[in-house]
Amino acid sequence: MRRRWPLYLLASLYAFLLSLPLLVLLSASLRAPEDLFTPGLLPPKVSLEGYRAALTDYPLWRYLANSLLVASLATLGVLLTSLLAGYALARIPFRGQRAFFGLAVALLLVPGEVTFLPLYLLVSRLDWLDTYQALILPFAASPLGVFLLRQYIKTIPEDYFDAARIDGAGHLGLIRHVALPLAAPALGALAALTFIGTWNMYLWPLVVTQSKEMQTAQIAINFILNEADAVARWNVVAAASFLVLLPTLLAFLLAQRAFVKGIALGGLKG
Amino acid sequence: MRKLVTASLAALVLGTALGQKVQITFWHSMGGVLGEATEALVQDFNRSQNRYEVKSQYVGSYDDGINKLLAALRAGRGYPHVIQVYDIGARIMADSGAVVPLEDLARQKGFNLDSLVPQPRNYYTVEGKLFGLPFNSSNPLLYFNMAAFQEAGLAFKPTWSLKDLEEAARKLTKKDASGKTVRYGLSIPIDSWFVEQFSYNSGQYFCNNENGRKARATAVSFDNEAAVAFLDTYARLVREGVAANTGRNWSDSQSLFSQGQAAIASYSTASLTGVLRQVGGRFPVRTAFFPYLKERNGVAIGGAALYVLKGFPAEETEAAWAFVRFLLEPKTQGKWHIATGYFPVVKGVDGLPEVRQAHVKNPNFTTAIQQLATSKVNTASAGCLMGSFPEIRQYVAAAWEEVLRGRPAREALAEAKAKADQALARYNASVAR
Amino acid sequence: MVRASPLSAQARARKRKEEAWALGLVLPAFGLFFLFYVVPLGQAVWLSLHQEGLFGRDLRFSGLENYRQALADPALWKSVKTTLLFAALVVPLELLLGLLAALLVWRPYPGVALFRTLFFLTTAVPTAVAAVAWGWFLHPVGGYLNHLLKGLGLPPQPWLTSPDLALPTLAVITAWAGVGFTAILLTAGLQNIPEEVLEAASVDGAGPWTRFWKVVLPLLSPTLFLVGLLVLLKSLTAFGQIHLLTRGGPIESTTVWIYRVYQDAFFNFRFAYAAAEGLLLFLLLVVLAALQFRLLGGRVHYA
């Protein structure tokens, strides 16, 4: 311990500095409007006015629910489609297997933000503007997911599949009883990655939603902050932002391992 | 197929027999306090009769709203019956061919448009026809921190020339021992709107062909002497530490003002309720007319208008007109005015008892009305009508920022003019086809 | 079993059944890919080859005219420069901050779990929340940073409203938001360094400082490079924080490429032109991503 105290000191200082903006935000959310501009980290007196206003003036529950619905369904979609496709690409030799895998790899290189414009035009032509489909379906399959699952399933030893096949399992059975349980780590990581990714989406929901009811949590922050012709109330904005932060924060704390693995896998996805 | 037709016919008949209301959609961009007031009006309309029902939807900011509209128009479906579009969208809405001009509707229904206050009516009149209904019309105003005024020994007056404003701002600036400004004399957000209004109020045009009113605007004229003087003066005051530069964000400037750190500010009359709430009684607030260069001409209105869109069955367009008609009632206008600070667009509202009471309680509400009543009605105060306005506003705001950086206003505006003229030419070409 | 003659009817039928299964299993994923990646991309290309009138009417084929205009457009080049400048600021900063964090937590010691959580935390912070938090932190009137500066006797700065400060400020915010991400990856990278090498170095008498520069850093450099490339790709498409905090200003000093595309499409209503601008960006990203993939050699490591 004695040798390590510079380490602890440095780490604590660094951690504090890194979390400072968030701490300041928390402080703002707990201040009364008249105390907003008083200097200092701690609020002079604690007021829950910001949270009250954030929850009553805006359908914040609705926004959080929207984000939750969209992120969950997209994640489920990605898991399912990636598992099925990954299995097929790893275990069923067929004409075009290489081509399909190559396509997935190629699509890995397409960053979402650049396709938002044509995607918007497509969605509007389908009459899907301001709908859940528009928020979920474009992200219900992921090239990264297909890639990861295919690679992972390829590393599952043949014997497991052979054993199940001898027991009379068809493809669906093999997927359910062999691929699914054995690829669980990859699936868990993929789930964590997809969930954060879709929860965090900003540009797409911004362009695609219209009505108040359809807004996701991130966009809601935009319009709480920038209401036309109105004056920004920072304690409310701060409270709303904190409420939007809480779900991912909690998810992160509860499933840190899965998150970390997901990012490591996704990042070093060579 | 036949079964479907019979079924739907039956439903229709049954529906009308059961008193099924005709539903129309209304898109607006009013959030916060303004949104509540809008919703109240919609509900009043729905309750006042049982033939029509308006479903209102908040579609985000004005920019968001017009983008949703454009997307829907491109797709050929999904657009609303009535939509609120900002002031600078007047030209594009007229060119769109998607609007049922209010003038036509009014003539059809025998509604006399002379009951409208001339300035808002003129603003949205394109080539002799009134296209949209001015819904939330605003004016720029000066906001004063009267406690600061008293401290500096300055008297209130309703009209201000740029020079007067400059002098007052200097007197109101407080600096500490080290020379740092503790209270600014002036704070105006960087927004092209103020440059436009200053031009109009000084009798200058913002675009050619007399603000695009005599013929389609083909070039901008915001390099006029009023705009140049305005920007140069503001930059000079910022350098002296007299004026604050809080950037483009109105709410940042309003924070400064409401904290008592800026004695004079300029915002819209629509900001009145919000600013008063933020000030919270800390100091008395008074409002005055927007400044001018040498001689006061008159300001143009801002805000937004409601447009009735084409392409719906006759019954639904009837419903849309009924809604618009309701909004033009003096009582409705009075309620809207009191709740928001936007001034009434029909004559005869000031006489209403509840409006008079509100004016007595807060005389600041009347400033915008008086400013308009005493403005000259000419093409300068009609405001500029041109396409690509949102894009061009960006260039003007950027020019303001350049001037704050040290560039002479004439140069910055000339550069902005080159870009703006290009954008305008592009727009006009795309419409001519 | 090797057959010299073509497959029997039975084997053929079995093969067809397998292929049907395979196609059925890949259909959900690739159907969605086709609809939401390939089709829009194709439409974007098609649109970029046309000129359109108001509201998309009067579509006129114009070949590469939009691209010619875009490549000659000073506004677009300015946004390219801004984007590259932004990336040049974000990448080293984010790597540095992440490396510092990783160096503090890659070895196990009592309490490391807490620090790991704190350092990796920013991955859970959505862009919008990060933008709001920093917007308030840097607020001209009520911001903590300016209060702090005033307390120290220094002048408060117009962090987000000065054309000179806005872009670097956004870069700092972006780097901050990405610290968790890079910290995780660099920690994994550090943990991949074989123990023996480090032990050998210390046996040879190298102190911690020398060990770091001569052993750790060189061994970490492939990971550093890879992570740097990842951060680069991310920074080239940063949007949320710009939209929320500066809207591309002041004086377009924070209008990056993708913001330019957004503005031209949704603000100036020039969809076809914006499509061309967007596709040019896409081209650059594909080249960079292909580079990344090439360098990785197509192998996966599971830590």
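Within the option set A:Gln97, A:Gln133, being without any contact (Cβ under 8 Å) to a residue 12 or more places away in the chain, among the polar types (S, T, N, Q) and more than 8 Å from every other protein chain (Cβ to nearest Cβ) holds for one residue only, A:Gln133. Among the candidates A:Ala74, A:Ala54, the residue that is crowded, with 21+ Cβ neighbours inside 10 Å, more than 22 Å from A:Lys154 (Cα to Cα), at pLDDT below 85 and under 27 Å from the mean Cα position of the chain (by Cα) is uniquely A:Ala54.
If you check C:Arg270, C:Arg211 for being of a type outside the set (A, V, I, L, M), at negative phi and crowded, with 19+ Cβ neighbours inside 10 Å, only one passes: C:Arg270. Screening the candidates B:Ala270, B:Ala244, B:Ala226, B:Ala219 for the property of being within 14 Å of chain C (Cβ to nearest Cβ) and touching a residue at least 24 places away in the same chain (Cβ under 8 Å) yields one hit, B:Ala244.
Restricting attention to region B:401-422, report how many residues are more than 9 Å from chain C (Cβ to nearest Cβ) and in contact (Cβ under 8 Å) with a residue 12 or more places away in the chain. Residues meeting the conditions: 13.
Please return the ranges of helices (runs of 4 or more DSSP H) entirely within region B:313-422 where 3 or more residues are buried (at least 18 other Cβ atoms within 10 Å of the Cβ) and among the acidic types (Asp, Glu). Spell out the reasoning first.
Working: elements: B:314-327, B:330-340, B:353-361, B:364-373, B:389-405.
Ranges flagged: B:389-405.
Annotation: of all residues in region C:78-92 being over 15 Å from the mean Cα position of the chain (by Cα) and touching a residue at least 60 places away in the same chain (Cβ under 8 Å), the one that is surrounded by the fewest Cβ atoms within 10 Å (Cβ to Cβ) is C:Lys78.
Residues checked against (1) among the hydrophobic types (A, V, I, L, M, F, W, C); (2) over 23 Å from B:Met30 (Cα atoms); (3) part of a strand (DSSP E or B); (4) in contact with a Cys (Cβ under 7 Å, 6 or more places away or on another chain):
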{"residue": "B:Arg74", "(1), (2), (3), (4)": "no, yes, no, no"}
{"residue": "B:Gly89", "(1), (2), (3), (4)": "no, no, no, no"}
{"residue": "B:Ala94", "(1), (2), (3), (4)": "yes, no, no, no"}
{"residue": "B:Asn136", "(1), (2), (3), (4)": "no, no, yes, no"}
{"residue": "B:Leu141", "(1), (2), (3), (4)": "yes, no, yes, no"}
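C:Arg247 fulfils the conditions (1) in a helix (DSSP H, G or I); (2) without any contact (Cβ under 8 Å) to a residue 12 or more places away in the chain; (3) more than 7 Å from chain A (Cβ to nearest Cβ) except for a single criterion, (1).
What do you reckon, is B:Ala288 at pLDDT 90 or above and over 30 Å from B:Ala90 (Cβ atoms)? No, not satisfied. Does A:Pro33 satisfy the condition of being more than 8 Å from chain C (Cβ to nearest Cβ) and either under 24 Å from B:Gly35 (Cβ atoms) or of a type outside the set (S, T, N, Q) (or both)? Judged against the criteria, A:Pro33 is a match.
For region B:58-82, a residue qualifies if it is at pLDDT 85 or above, closer than 26 Å to B:Thr269 by Cβ and either aromatic (Phe, Trp, Tyr) or surrounded by fewer than 18 Cβ atoms within 10 Å (Cβ to Cβ) (or both), and exactly one does: B:Tyr62.
Based on what the data block shows, is B:Val377 more than 14 Å from chain C (Cβ to nearest Cβ) and under 21 Å from B:Gly203 (Cβ atoms)?
Numbers: more than 14 Å from chain C (Cβ to nearest Cβ): yes; under 21 Å from B:Gly203 (Cβ atoms): yes.
Spelling it out, B:Val377 is indeed more than 14 Å from chain C (Cβ to nearest Cβ) and under 21 Å from B:Gly203 (Cβ atoms).
When restricted to residues that are modelled with pLDDT of 80 or more and within 9 Å of chain B (Cβ to nearest Cβ), region A:216-240 contains 1.
If I filter region B:189-208 down to residues being in a helix (DSSP H, G or I) and of a type outside the set (A, V, I, L, M, F, W, C), which single residue comes out as nearest to B:Gln394 (Cα to Cα)?
Initially, region B:189-208 is screened for residues in a helix (DSSP H, G or I), giving B:192-201, B:208.
Checking which are of a type outside the set (A, V, I, L, M, F, W, C) leaves us with B:192, B:196-197, B:199-201, B:208.
Values: B:Ser192: 7, B:Glu196: 13, B:Gln197: 16, B:Ser199: 17, B:Tyr200: 19, B:Asn201: 21, B:Asn208: 19 Å.
Across region B:189-208, the extreme among qualifying residues is B:Ser192.
Taking region A:176-191 as the range and being at the interface with another protein chain (Cβ under 10 Å from one of its Cβ atoms) and either buried (at least 24 other Cβ atoms within 10 Å of the Cβ) or more than 13 Å from the chain's Cα centre (by Cα) (or both) as the test, the residues that pass are A:Pro185, A:Ala186. Looking only at region B:1-57, count every residue that is loosely packed, with under 10 Cβ neighbours inside 10 Å and modelled with pLDDT of 85 or more and tell me the total. Final tally of qualifying residues: 2.
Restricting to region B:101-134, and then to whatever is polar (S, T, N, Q) and in a helix (DSSP H, G or I), can you tell me which residue is surrounded by the most Cβ atoms within 10 Å (Cβ to Cβ)? Explain how you work it out, then say what you get.
Step one: filter region B:101-134 for residues polar (S, T, N, Q), giving B:108, B:112, B:115, B:119, B:122, B:125.
Of the ones still in play, those that are also in a helix (DSSP H, G or I) are B:108, B:115, B:119, B:122.
On the way: B:Gln108: 11, B:Ser115: 14, B:Gln119: 25, B:Asn122: 20.
Here the residue is B:Gln119.
The listed residues are B:Val308, B:Val299, and the only one of them that is touching a residue at least 40 places away in the same chain (Cβ under 8 Å), more than 14 Å from chain C (Cβ to nearest Cβ), part of a loop (DSSP other than H, G, I, E, B) and closer than 30 Å to B:Val82 by Cβ turns out to be B:Val299. Checked against (1) within 10 Å of chain C (Cβ to nearest Cβ); (2) over 15 Å from A:Trp61 (Cα atoms); (3) at pLDDT 80 or above, A:Phe195 meets all criteria but (1).
The values are calculated or read from the model by the stated rules, or taken from the named source; none is laboratory data. Just so it is clear, the model here is predicted, and its values are computed rather than measured. So basically every Cβ, Gly included, is an ideal-geometry build from the backbone, and we count neighbours across all protein chains shown.
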